[in-house]
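Structure first, commentary second.
Each reported figure results from applying straightforward, stated rules to the coordinates on display, with no laboratory input. Keep in mind it's a predicted model, so treat the numbers as computed, not measured. Glycine also receives a Cβ, built like all others from the backbone with ideal geometry; neighbour counts cover every protein chain displayed.
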């Protein structure tokens, strides 16, 4: 009986592979266990405190670039959220800008205009072959050489460009602004139904309507109309130079702009290549067929080429979004207060909880990346072939 | 079968690695001796404190502490490898054992001494946090700085003092975080910030390197105590003693009037403390685990505290800081080493 068991393990393929897999998992778990154990032992031996209680201690430092209020008396946990929001801000703005720029350049590279085509080519080859960190530092250095605060460049009234940032008026809503917002929401809903209705009419009567133009007029006109009817319920808080700095208004800091330019211009180069390959992947016959049907050039692009190209574009585009988000941690190089800079850097240094903080930061990036992947996968499914092929 | 074999090898290897990690905790002195050189955590570049000169040789008052330790351990002050550290990574580098001593204008505080698992072993420069502005701004006091943009090195005590000071006086500011002293200089000179704040010594050192030093003023307010000194890992008292007493030997050397020039003559001194310090009376080196002439080597090769101070940051150097608090206790300062007996 016993002999039979051993024979089975050695000669039966299923039992054997089961044994090997169990062993592998066991060894892997053992190594992890040893590492954790050893780390805890070493920390203890060197008298380094550990634990997560520091999260509720006051941070003691200030963060200037922030979306929510933060003072030095707030906790490290709040510093974490300040950093997280800054990371998300740069990721979202960066992806948005990179996508627009990338699509534009990708399409230009396929144009027949020799000059535009080659400018786009040089741009792509230059930016994607130079480390993004250097590009970020380059843009930041250029921004630092803008005029100093006292010699600010005045763009229009109340818009100032300096090496401390781009200062502009901030809107302050007054009473009655709610009505304008409500009218905007109404206009958006109305335009949705209008679009549906016009599409239906097109299907039944064959007549085409300028849907986009009509809807944009609707969305712009209705809120503007209500804005004037309610007596212009927005006041502008203008930046005024007082003492050392501008007081009031809003400011976009050069650290943010440096990151935005660096990340989006770099990533756009990759996206443009993705877009180009996507468009090329649509067979020539499709274009020729749609032209033969009498479609204009821009309609060929919008109705025939792009929808098919998207199937090829979306998966690599997702990984570009992930790259951009992860590259946003380079903000540390120019003092952009993202997650790694504030919580992952200063808090780490002040509290010495390197392992705990790095674990939190890594898990956060993992979560952000997974969320982006999930949404992009959902979108990817929606553009894939539908039908019973 | 080969699969099983390779698995077994992997298992053995992983066991070997973990025991290797566990076994790497000899005494620091033995590790240093075996390596043949001292690993010294220094500044990435702060004139007068820790900075490579034109020939690439590290110089400064903090660097001299490491050279003193090397002289005490090896009898050769040049057996040091410098590891430039930013203010942010310095403690991690020390904790992880990459360096043996951190001598990098680092402020001694209670949380660093306890919570971070470090031991500060002395003070080689009594400093305080100051503010530097362009004189064209017409600012004469730190209390006029409401609303200013302030360049600050991240991960420092100055960062927290700054927050405290402005909060306490009900003033607002924009913090412009930078990683290193040279980045701070660049941002300050470009006008990204109005004010550069760090230890006053650091401000003087930076100012000396600016194109027109007279266009910048260091404001009179000193808003904190910043005792700067060398730190070692917690838990190796012998090593802490060696580093601490290497520094003390330099201070006692000044007290006793022993310089690098006259140390050989002083060996013949009748003063019993001089005889103990220079190892003429044997036995004191062994207490620390060193040779008896360790302090002789320190004073011969590095010099006493006054020599180090004048050479690096004093009136004789291009930084030009007066001794002030850093004079000996008997000369009106607070520099005071425990007796050598």
Helix-only [θ] at 222 nm, chain B, -39500 (n - 2.57) per DSSP H run of 4+, per residue, nearest 500, equals -11500 deg cm²/dmol
Peptide A:341-354: average number of partner chain Cβ atoms within 10 Å per residue?
5
Taking the Cα centroid of the stretch A:144-172 and of the stretch B:98-122, what is the distance between the two, rounded to the nearest whole Å?
43
Taking a ≥ b ≥ c as the square roots of the eigenvalues of the Cα gyration tensor, with a/c under 1.5 meaning rounded and otherwise prolate when a/b exceeds b/c and oblate if not, the stretch B:75-165 is prolate
Shielding by partners - mean other protein chain Cβ count within 10 Å, residues of A:147-160:
1
For chain B, what class follows from the C-alpha gyration tensor (a ≥ b ≥ c being the square roots of its eigenvalues): rounded when a/c is under 1.5, otherwise prolate if a/b is larger than b/c, else oblate?
oblate
Please compute, for the alpha-carbon atoms of the protein assembly as shown, the extent along each of the three principal axes and give them in descending order in Å.
118, 94, 51
The stretch B:225-255 and the stretch A:229-274: distance between their alpha carbon centers, rounded to Å
50
Which whole-number percent of Cα pairs in chain A have a distance greater than 41 Å?
37
Where the centre of each part is set by its Cα atoms, how far does the stretch B:181-208 sit from the stretch A:316-375, in angstrom?
29
